[in-house]
Amino acid sequence: MSDGNGVGDSGSHSIAIKLFIGQVPRTMGEEELKPILEEFGEVQEVTVIRDRATNAHKGCAFAKFGSLTAADNCIRSLHNQRVLPGATGPLQAKYADGEAERVGVPSQADGRPVENQKLFVGSIPKQASEDDLRSTFAPYGVVEEVFIMKDPMGTPRGCAFVKLATKEQSIAAIQGLNNVVKLLGHDRPMEVRFAESKAKRVQQQPAGYGQMMGQNSLLGNPNFGGFPGGGMQPGFNARPPFPQTPSPWMEYFTPEGRPYYYNSMTGVTQWERPAEMNMPAPMGPPMGHFGGGGGSAASAASGPSANGPPGGNLFVFHLPNEWTENELLAHFAPFGNVISARIMIEKDTGRSRGFGFVSYDNSQSGAQAIAAMNGFSIMGKRLKVQHKKGDEGSAPGSAFPHVSPQNRYTPY
């Protein structure tokens, strides 16, 4: 399936990494500590940290492991798990500062590894199969899992998750494939990177995002709008007729009919049905009134995109290639009533052009969305959010002053 040759090492390639070990008894030297750490793999070097002036033992050490796998096993087994004789608390084990960034692996905020790390694979042709991806990644290691993302209608989204047996194999795949190899049927090289962890996505959310999401979520009801998982049909223009359960989870189905669940806020994909989707749906007006103007859902979907008042219309650039209008809506709904959320696509290929438009029914929501989402980092992109051309001079609470053509900012 690939028209480039990936050259990889099927697991023998090891990457050394240094760990910080805390709560080491002050009576224990390198010779006593090293055998304890070697239970988990090759340890190339152990250095007890000592005071420069007095040479006194400081109760901690650095240990250089021969592989990421051994280091992760050590952290998993020892961190807060074992107390050595003479220590005042359980051993502490984590990546030394700067080590995760040096070797190119994600880590948690406390320096521990991210478990079950998968690769995100973007820019793949929609006709690509699991077997195509397995054969592409096989030169780099043991492919344990391939998961092709699909929309609620069952159409491939042009991206997937791939899990290799070890992080070394994943790093080799990133180095050999990312922005290098193109799959047949696609005009751009694949994007291959570690999938962002849920914790990292939550840390990247703007202040107050979760609270606002709980107040305005459109995606909480699993049956909302009549589409699987509560997702909205692409191009659907709507506003929430009543408060929804605060959940961004959506239900999709594999070709075999097996359901799986995708969180449009965090990018997490899982087989288990989230507990939030089991909550009873709130009562609300009949669906015939959906859309805010008394029109039906069908007429709203087929009609032209709606514009809000001056100051309520936004231009959003640097959108992730994998986003559909569901994701665009989910990220901007927390700031007010969205009456239109559209992503511009290429007519010939149906591929996203990387920008879109969001309209609110008031200018205050537009200002809040710009303040929170401009510069927001998501899926390797940093969003650029600003007023749509012609809306720049309209501030919340103003009389929407006229903006002369020479003062208008063109976002291209």
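What nm value, rounded to one decimal, do you get for the distance between ASP187 and GLU45 when each label is placed 7 Å out toward the C-beta?
In this crude label model, ASP187 to GLU45 measures out at 5.0 nm.
Probe of 1.4 angstrom, ligands and nucleic acids ignored: what's the accessible area per residue over region 11-162, in square angstrom?
Heavy-atom SASA per residue in region 11-162 reads 47 Å².
How would you order 52-64, 92-104, 367-379 from highest to lowest mean count of nearby Cβ atoms within 10 Å?
Highest-to-lowest ranking by the protection proxy: 367-379, 92-104, 52-64.
Just to verify a number: what accessible area does HIS13 come out at with the full protein assembly present, 1.4 Å probe, Å² rounded to tens?
Looks like 80 Å² after rounding.
What order do you get for 130-137, 16-23 when each peptide is scored by the mean count of other beta carbon atoms within 10 Å, highest first?
Descending mean neighbour count gives 16-23, 130-137.
If I compute solvent accessible area with a 1.4 Å probe over the protein chains, what percent of it on region 3-152 is carbon and sulfur?
Looking at region 3-152 in its full context, I get 45 percent from C and S.
Checking the table LYS182/LYS389; LYS64/LYS163; LYS118/LYS389; LYS118/LYS381; LYS94/LYS150 against a 29 Å threshold on Cα-Cα, which pairs fail?
Violating the 29 Å limit, Cα to Cα: LYS182/LYS389; LYS118/LYS389; LYS94/LYS150.
The values are calculated or read from the model by the stated rules, or taken from the named source; none is laboratory data. For clarity, every value in this text was computed on a predicted model and none was experimentally measured. Here Cβ is always computed from backbone atoms with ideal geometry, including for glycine, and neighbour counts include all displayed protein chains. These area figures cover heavy atoms from the full protein model, side chains too; ligands, DNA and RNA do not enter into them. Shrake-Rupley method; radii C 1.70, N 1.55, O 1.52, S 1.80 Å.
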